[in-house]
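Participant: I have a structure here, written as structure tokens, and I will follow up with some questions on it.
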Ligand SMILES: [Cu+2]
């Protein structure tokens, strides 16, 4: 966590040559100054200093856009532009985003606020902004061609509406969507309740992030935008583990996590060590009668979900997408399963022909996290992250909820690794190991086969081979 000041640069829009060409100097002076962010760090919550009060959220590896009040209207300024996003240390992607980063800044408002958003387009092509999930006048819905003309490159458009219902929302372009979403154009929107709401509890920590996916070839920096299914970068707020900050909370805090899915597949989000309730969906807060305790919730494409739990177990709790390929970083997928194959000697022979060749996967692929393979520049290893007990062997959509007794209220700094009390960590057994008794008699089927084949068929599992749906 860094102070907001470190990463903010407030830039007068009049300095931007592209924007200046489209709006007169006098009009420019009337625009709210857009805040910009240059780093991928989780910024401290932006406590409102004007307008109605609320408890601000913390955007994981992101930030909240400042606003100005103009005669009772909350004014924001979004600048759509090419950005460089550090997705993890050592891996930078050339994306499109808003105000210096992808995703764009989180917009936080209060139910009933009249909101005016200036959108300046500094992209090489037209765009628009759709306010995903909001009730608003049709002409403010941001669908290029249907509800408005596209915002041409270099121009500034204005959106204005009242944030009518509290909840968790997103924003993204609705014009050349395939390209612009694949390039990282998206942001979070939160409408806080204007008063105590029977279905919205007070929480001590309120986090949010967007699920996004990219197809970036190892060694490249720009996503392939025509990809439909074969993504290789699975990100939270355009960050991948170990580049995703931990969610640091105090023991017995009530914690809310808001997520939105702008990838092209669903993500079953799974929290260790606690059970959560789904307290919000696309339609806002959920009726209490619908709430069930879960440890995994699936978020479909285009959906928002908010979950809440009492962080009453100390420790470092994994929090991740449960599709195991989504907790991996870029890798080649056209590899056969080699588990159980005896490679002795083969590697040496191939090395005499191809010096960098490594035999991989004969005992599973966990070793790969520790191998020092030659990889192209600007490529992150497919799974990594050094924990207190070795490699975490994860990548992609993975982070850690750190629950600590001595975390101060309102302190979001990383407390470091959990110090497990003596005798509470799984350990190696070194005594004698007896062969376990196994059931040997035939049977157990509800419908026994009439004629058994002479020999048993043993099926071998093949993983992971080439597959398109990753
Ligand atoms: Cu996933």
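The values are calculated or read from the model by the stated rules, or taken from the named source; none is laboratory data. Computed from a prediction, not measured in an experiment: that's the story for all the values here. Positions of Cβ are generated from backbone atoms using ideal geometry, with glycine treated the same way; all protein chains shown enter the neighbour counts.
Participant: So which residues in the range 55-74 are over 22 Å from the mean Cα position of the chain (by Cα) and crowded, with 23+ Cβ neighbours inside 10 Å, if there are any at all?
Facilitator: Within the range 55-74, 67, 74 qualify.
Participant: Okay, moving on. Could you name every one of the strands (runs of 3 or more DSSP E) located completely within the range 115-193 that has at least 3 residues being surrounded by fewer than 21 Cβ atoms within 10 Å (Cβ to Cβ)? Give the steps one after another, and end with the answer.
Facilitator: On the way: elements: 130-132, 156-162, 167-172, 187-192.
Answer list for the range 115-193: 156-162.
Participant: Of all residues in the range 257-276, count the ones that are within 13 Å of residue 60 (Cβ to Cβ) and more than 16 Å from the ligand (Cβ to nearest atom).
Facilitator: 1
Participant: Do we find that residue 81 is touching a residue at least 40 places away in the same chain (Cβ under 8 Å), out of contact with any strand residue (DSSP E or B) (no Cβ under 6 Å at 6 or more places or on another chain) and in a strand (DSSP E or B) in this structure? Let's see the steps before the verdict.
Facilitator: On the way: touching a residue at least 40 places away in the same chain (Cβ under 8 Å): yes; out of contact with any strand residue (DSSP E or B) (no Cβ under 6 Å at 6 or more places or on another chain): yes; in a strand (DSSP E or B): yes.
The answer is yes for residue 81.
Participant: Has the range 281-293 got at least one residue that is in contact (Cβ under 8 Å) with a residue 40 or more places away in the chain and within 12 Å of the ligand (Cβ to nearest atom)?
Facilitator: There is no residue in the range 281-293 that is in contact (Cβ under 8 Å) with a residue 40 or more places away in the chain and within 12 Å of the ligand (Cβ to nearest atom).
Participant: Still on this structure: Look through 326, 320 and report the one residue that is modelled with pLDDT of 95 or more, under 30 Å from residue 420 (Cβ atoms) and surrounded by 19 or more Cβ atoms within 10 Å (Cβ to Cβ).
Facilitator: That would be 320, the only listed residue that is modelled with pLDDT of 95 or more, under 30 Å from residue 420 (Cβ atoms) and surrounded by 19 or more Cβ atoms within 10 Å (Cβ to Cβ).
Participant: To continue, here is another question. For residue 391, are the conditions met, namely being modelled with pLDDT under 95, away from the ligand (no atom under 16 Å from the Cβ) and within 30 Å of the chain's Cα centre (by Cα)?
Facilitator: Yes, satisfied.
Participant: Based on what the data block shows, is residue 257 in contact (Cβ under 8 Å) with a residue 40 or more places away in the chain and in a strand (DSSP E or B)? Lay out the reasoning, then the answer.
Facilitator: Numbers: in contact (Cβ under 8 Å) with a residue 40 or more places away in the chain: yes; in a strand (DSSP E or B): yes.
Against the criterion (in contact (Cβ under 8 Å) with a residue 40 or more places away in the chain and in a strand (DSSP E or B)), residue 257 qualifies.
Participant: Answer yes if at least one residue in the range 210-224 is farther than 30 Å from residue 165 by Cβ, part of a loop (DSSP other than H, G, I, E, B), touching a helix residue (DSSP H, G or I) at 6+ places or on another chain (Cβ under 8 Å) and more than 16 Å from the ligand (Cβ to nearest atom), and no otherwise.
Facilitator: Yes, that holds for at least one residue.
Participant: Can you name every residue in the range 260-273 that is farther than 30 Å from residue 225 by Cα and either within 20 Å of the chain's Cα centre (by Cα) or exposed (fewer than 15 other Cβ atoms within 10 Å of the Cβ) (or both)?
Facilitator: Residues satisfying the conditions are 271, 272.
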